[in-house]
Amino acid sequence: MAQGALCLWGEEGCGKSVLAQALVKNLQTEGYLVAIAEPATPKQMLTSISEQFALNPYNLEGKALALDALKLLVSDFLVKTPAVLVIDDAQMCKPDFRHWLKKAKKRGGCNLLLLATNPPLTDIFLSVPRIELKPMSEKAIREIMVNAAVSRGIQLNNADLSRLQSRTGGNPTLAIRSFEEEYLGIDQEAADHKRYFDITPLILIAGTVFVVIRFIGLGTSDKSMYILGGIGGAVFLGLSRLIYSLPKEGRRVN
Amino acid sequence: MLGISHVLISGTATALFLGTAEPSVLLTGAIAGLLPDIDTSLSPAGRMFPWITALFESRQGHRGVSHSLFASSLVAVVVYTISFFLYWFFPYASALVIGYSFGWFADVFTQGGCEMFWPSRLLCVCPGNRNLRLRTGSNNEYIVLACLIAIAIAIFSINSRGGLFTQFNRLIASPSGVIHLYNEEGSHHKIFVNVDGVRSSDRAKVDSRFLIVQQSGSGFIVQDKSNKIYKVGAEPDSQILTERITADVGESAVTNLESLTLDDEPIGESLAKFIRSGSSSYVTGQLTIEDLQSLPPPDPYQFHSIKQSTTTVTLEAAPLQNVLSLLGDEFGKGTLSIKTITSGVSS
């Protein structure tokens with residue numbers, strides 16, 4: 001990451017913030033200058049960054065610097081000093097701030113780590129290399145769940161853990177949430193992770209088998225095969241219209 | 001999904017795909033539907049094989065590898081390898097594969113889904129909206145269960161009466177359905193047709209049951225209870241024009257075809273050996289008979305199974321008794337084929 005920028009992206013709750021905090025702690029232990037910022041107004045973010053870099057965000061009169069002056073202060077510092085800037089939930093930052101990040105990166109010397117959930121393919125996200133934070137392995141998720149159980153003084157057997165694990169989808173936040181739901185006695189079956197894949201189109205494609213049967217019946221003069229194939233095809237066609245007219249799942253809890 | 005739902009779905013799918021009503025095969029398929037849930041100790045399969053379940057539970061979540069196409073392929077390889085050595089096991093192997101596959105596939109319609117394309121960790125579901133998917137033990141699942149019971153009973157009933165195509169052929173009453181059943185069962189059973197139509201000569205209504213003697217063009221040569229021969233079908237030379245025709249499988253019977261060559265030999269004596277108890281014989285072929293006297297005029301309502309032209313007699317599915325009574329005393333030259341349907345014998 002030296003003299004460069006990187007974007008770590010993944011689904012919500014996949015552990016980006018935890019990773020960022022661990023990284024900051026590690027870099028600080030090794031003696032690096034690190035600042036971490038979370039989405040706020042550009043001025044608030046730049047003030048926070050300048051404070052973490054021990055820069056003075058006030059002028060000689062003791063007044064807070066204007067936004068442009070803050071931008072210049074921090075970008076000048078990043079050019080001169082080998083420091084690392086970590087932005088969590090970067091997709092939620094204002095376009096103005098993201099544009100400044102892009103310009104700071106262009107000036108060089110800016111070590112930038114962006115953490116984002118499904119970032120847009122624009123400005124800074126387009127110009128920095130991206131790495132996807134994949135869902136965690138079953139083993140790692142099981143370890144998180146076991147630790148969560150131990151920290152709450154609860155004993156769960158493998159059957160319970162296995163049942164809860166099927167709701168996590170490799171997402172550590174959901175792993176802990178599913179455990180807490182169990183702890184509170186909330187009965188859940190579906191989960192909120194993004195690993196679901198709707199196979200409705202695949203099932204409907206199977207309906208083409210009936211159309212094929214219909215043509216075989218036509219070719220072999222088998223009337224029953226022809227009619228059955230036709231009926232089956234028509235039923236699948238009607239079914240497909242019905243399924244596609246079903247309401248889509250909303251993005252809000254309901 | 002409840003265990004009973006898995007049992008019903010897998011049993012029904014086995015009956016539908018194998019077209020069988022054999023209880024042991026259906027039971028195998030139905031029980032196989034419980035096997036994918038071997039990855040949880042809360043299931044019947046998990047309780048039966050605790051050591052395998054413990055292995056799954058310690059490593060992964062529920063509805064993982066055991067609910068996948070990979071697992072189905074693995075089951076198919078194992079059971080079909082066994083059936084390669086034990087031929088009688090083949091229908092059970094098919095039932096196991098179908099039952100197992102539909103056992104986990106049913107979970108696609110539940111809120112949790114299953115890892116159908118394992119090792120991909122995607123959870124396959126249908127439909128996409130979780131609120132429309134089934135929740136284990138919910139009222140909706142019981143409604144689906146009731147529908148499944150009705151479907152299972154219907155399929156079992158259809159299969160026990162000859163299968164889906166046979167029943168559908170009966171429903172649409174088309175000649176192609178009769179041909180299908182005749183081709184399938186005709187070699188070891190008597191096939192009867194229920195004809196609903198009109199006589200071509202006077203358009204009198206016909207609603208009777210006949211025994212199929214043989215196929216002729218797109219129609220059939222049939223025999224009624226009084227041993228009269230007709231051609232039924234839609235062709236112009238048919239004595240009975242069909243509007244609806246359905247077929248039934250009758251008692252066990254074996255059909256044999258033998259040939260006989262006559263070289264100016266007595267016809268009655270040569271054909272006498274084909275008179276056998278419990279069997280009906282029909283003669284087809286051409287004979288040249290010197291000094292042949294005119295045969296009595298044929299019944300205009302029946303199929304002309306014996307046709308005369310000067311010294312030549314052409315036979316087509318002519319009942320043996322009729323041939324003997326009309327031509328038994330003559331001397332003939334030619335080749336005949338004798339079709340014998342013997343009742344009460346299974347091939």
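Quick notes on this structure:
- Any hit, the stretch A:153-164, residues being open to solvent by less than 40 Å² (accessible area, probe 1.4 Å), more than 8 Å from chain B (Cβ to nearest Cβ) and either over 23 Å from residue B:55 (Cα atoms) or touching a residue at least 40 places away in the same chain (Cβ under 8 Å) (or both): no
- Checked against the criterion of being at the interface with chain A (Cβ under 7 Å from one of its Cβ atoms), surrounded by 17 or more Cβ atoms within 10 Å (Cβ to Cβ) and touching a residue at least 24 places away in the same chain (Cβ under 8 Å), the candidates B:134, B:123, B:148 yield just one match: B:123.
- Across the stretch B:294-310, the qualifying residues are those that are within 37 Å of the chain's Cα centre (by Cα), closer than 18 Å to residue B:282 by Cβ and not basic (Lys, Arg), and the one among them that is modelled with the lowest pLDDT is B:299.
- Scanning the stretch B:220-238 for residues that are basic (Lys, Arg) and open to solvent by 50 Å² or more (accessible area, probe 1.4 Å) turns up B:225, B:228.
- Residues in the stretch A:207-254 that are open to solvent by less than 50 Å² (accessible area, probe 1.4 Å) and within 12 Å of chain B (Cβ to nearest Cβ): A:217, A:222, A:224, A:225, A:228, A:229, A:230, A:232, A:240, A:243, A:250.
- Sole residue being closer than 23 Å to residue A:126 by Cβ and in contact (Cβ under 8 Å) with a residue 60 or more places away in the chain, chosen from A:78, A:85, A:8: A:8
- Test: residue in the stretch B:74-91 that is open to solvent by 50 Å² or more (accessible area, probe 1.4 Å) and either of a type in the set (Asp, Glu) or outside any helix (DSSP H, G or I) (or both): yes
- Residue that is nearest to residue A:193 (Cα to Cα) [pool: residues in the stretch B:151-178 that are open to solvent by 80 Å² or more (accessible area, probe 1.4 Å) and more than 10 Å from every other protein chain (Cβ to nearest Cβ)]: B:151
- Residues that are part of a loop (DSSP other than H, G, I, E, B), touching a residue at least 24 places away in the same chain (Cβ under 8 Å), not polar (S, T, N, Q) and not assigned by TED's automatic domain parsing to the domain that holds residue A:27 do not occur anywhere in the stretch A:118-128.
- Residue check for residue B:64: assigned by TED's automatic domain parsing to the domain that holds residue B:120 and modelled with pLDDT under 90: yes
- Any hit, the stretch A:120-130, residues being within 23 Å of residue A:88 (Cβ to Cβ), of a type in the set (Val, Ile, Thr), surrounded by 17 or more Cβ atoms within 10 Å (Cβ to Cβ) and at the interface with chain B (Cβ under 10 Å from one of its Cβ atoms): no
- Filtered residue count, the stretch B:50-69, keeping only those that are surrounded by fewer than 16 Cβ atoms within 10 Å (Cβ to Cβ) and assigned to a loop (DSSP other than H, G, I, E, B): 1
- Of the helices (runs of 4 or more DSSP H) lying entirely inside the stretch A:162-254, those containing at least 3 residues that are of a type outside the set (Asp, Glu) and more than 27 Å from residue B:116 (Cα to Cα) span A:208-219, A:223-244.
- Among the residues of the stretch A:131-145, those that are surrounded by 12 or more Cβ atoms within 10 Å (Cβ to Cβ) and more than 11 Å from chain B (Cβ to nearest Cβ) comprise A:133, A:140, A:143, A:144.
- In the stretch A:1-46, the residues that are basic (Lys, Arg) and more than 18 Å from the chain's Cα centre (by Cα): A:25, A:43
- Count of residues meeting criterion [hydroxyl-bearing (Ser, Thr, Tyr) and either within 10 Å of another protein chain (Cβ to nearest Cβ) or open to solvent by less than 70 Å² (accessible area, probe 1.4 Å) (or both)] in the stretch A:168-191: 2
- Residue among B:279, B:252 that is surrounded by 16 or more Cβ atoms within 10 Å (Cβ to Cβ), within 30 Å of residue B:233 (Cα to Cα) and in contact (Cβ under 8 Å) with a residue 12 or more places away in the chain: B:279
- Residue tally, condition assigned to a strand (DSSP E or B), within 27 Å of the chain's Cα centre (by Cα) and not charged (D, E, K, R), over the stretch B:248-285: 12
- Taking the criterion of being within 11 Å of another protein chain (Cβ to nearest Cβ) and among the β-branched types (Val, Ile, Thr), the residues of the stretch B:34-74 that qualify are B:40, B:53, B:65.
- Residues in the stretch B:95-111 that are over 15 Å from residue A:202 (Cα atoms) and open to solvent by 10 Å² or more (accessible area, probe 1.4 Å): B:96, B:97, B:98, B:100, B:101, B:102, B:111.
The values are calculated or read from the model by the stated rules, or taken from the named source; none is laboratory data. Computed from a predicted model, the values in this text were never measured in an experiment. So basically every Cβ, Gly included, is an ideal-geometry build from the backbone, and we count neighbours across all protein chains shown. The accessibility values were calculated without ligands, DNA or RNA, using every heavy atom of the protein model including side chains. Shrake-Rupley method; radii C 1.70, N 1.55, O 1.52, S 1.80 Å.
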